Amino acid sequence: MLARPGHFLAFVPLRLPFLPVRFYPTPAFTLRRSEGDFALAAPGVRDHRIDVVRGAALLVILWNHLARSLPGAYALTELTPTAWGLSDAADVFVFLSGYVYGLAYARVWEGGGLRAVYKKSAVRAWELYVVNAVAFVLAAGLVAAFSLHVAPEQTAAIEKFAPLLNRPLDVLASFPALRADVPYFDVLVLYIEILLVVPILYALLQFRWWVGLGASTGLYLVAQTEGGEWPLFFNPLAWQLLFVAAVALGAYRPPIPRAKALALAAVVIVVGSALSFRVLHPLALRGFVPDLGWIAVVEWSAKGTLGVGRLVYFAALAYLFRYATRRDSPVWAGRWTAPLRTAGRHSLGVFAFGIVLTYAGTLVGHTAETGLVGGALVAGAACVASLVFAYVLEWRNARPARASAAPLPPRRVGLAALDETR
């Protein structure tokens, strides 16, 4: 069976000759129309693990951003997994976004090939660009208000906001081009840049999975050289590899065996990496223990360029999660995980709102001079506010369903429209 004429790579066989997977993964899932958005219905049951984990990652990101920004509250980062491993919630966020992309865009590819996929990706990138701009205006407005009217001295002392306070015109001029070095906006900028590049790699994945992953790996290797340096913290040439690998898993959905030997190897990698990161690396830097590669392990795990050690650690962690959990467990669809599921369904909107909360919480914390306990209260209140905001987005998306015979409203660019499974 061949792809429909007129598609990009139209005459590539439906089945790869050496793998028991389909070239177009259409039998694996269907798309249904729901409250104005496309939602994924994988064999009739949505995989709630994706939403729960994404929601948890959002809370960890928000908590860590505030813990690192509030005075005397840095110790709060010890309460999150970020402090104990070589990867953090940003890796989870990017990986799951890529996985959902691979699931949701397969039907788009079938309907129109590369042109349809690129058009949908470009539209989504534009939506995120608008939301990014709105979040920036709100965050910059908060900084300006506190600097001029509320607490000028305390605001001026916040090092992270120095570019906005000292070089506002430079920031305003470079922000539309996604080149402004403004704290906490780098993940959204990274995602926009990846969305503009990934359709080409997605087409290569549809041609041969190894061709797509090979091209993605080539870009990753370029990012590890001096010529691949990027002006912002996150290098999209490196981080696209994690996204594209997840796209391949979502598009092909290959069977991943639950093997005890692989699980044991993953445990050794995770525990060994954590030991190197938390214990052996600091001791080796101070000369208390001989350096048997502990320093190199951490140096090869740089976040901005997605170091090799970081990739290996995250792959081991992801496999352990896959090994230890099952999609049909009642925990994922239960009552106690409902807030996380709701946040995960609106992850990008909640993330953008979390940036504004981070700015607001940082300004309030420095004005009130909160310590460890006060910082915990501010960070906790911000996490609760982000979950409430997720329910607001859920309610807004559900409004058309409550109108009995009303047609679906026109699609709008806004936070409530950012369900990633569209």
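The values are calculated or read from the model by the stated rules, or taken from the named source; none is laboratory data. Since we're looking at a predicted model, the values are computed, not measured. Backbone-built Cβ (ideal geometry, glycine too); neighbour counts: all protein chains shown. Heavy atoms of the whole protein, side chains included, go into the accessibility calculation; ligands, DNA and RNA do not. Shrake-Rupley method; radii C 1.70, N 1.55, O 1.52, S 1.80 Å.
Key figures
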| quantity | calculated |
| --- | --- |
| Anchor LYS303: lysines whose Cα lies under 19 Å away (excluding residues fewer than 8 positions away in-chain) | LYS160 |
| Reachable lysines, given that their alpha-carbon falls under 21 Å from the alpha-carbon of LYS119 and they are not under 8 places away in the same chain | none |
| Rounded Å value of the spacing that divides the Cα centres of segment 55-88 and segment 128-185 | 22 Å |
| Solvent-accessible surface ranking, highest first, for ARG326, ARG341 at 1.4 angstrom | ARG326, ARG341 |
| Fully extended contour minus Cα-Cα distance, from ARG179 to ARG327, at 0.36 nm per residue | 49.3 nm |
| GLU299 versus LEU372: modelled label distance in nm, points set 7 Å from Cα along the beta carbon direction | 3.4 nm |
| Coil-residue GluC sites (Glu not before Pro) of segment 184-284, DSSP, other Cβ within 10 Å capped at 16 | GLU229 |
| Accessible-area value, HIS149, 1.4 Å probe, nucleic acids and ligands omitted, Å² | 150 Å² |
| Prolate/oblate/rounded label for segment 253-311 (Cα gyration tensor, a/c 1.5) | oblate |
| Separation in nanometres of the label points that stand 7 Å from Cα toward Cβ, at LEU196 and GLU159 | 3.2 nm |
| Cα-projected label distance for ALA259 with ALA122, points at 7 Å along beta-carbon direction, nm | 4.3 nm |
| Residues in segment 164-192 reached by a label modelled at ALA145 [backbone nitrogen below 19 Å; 7 Å Cα→Cβ] | 164-165 |
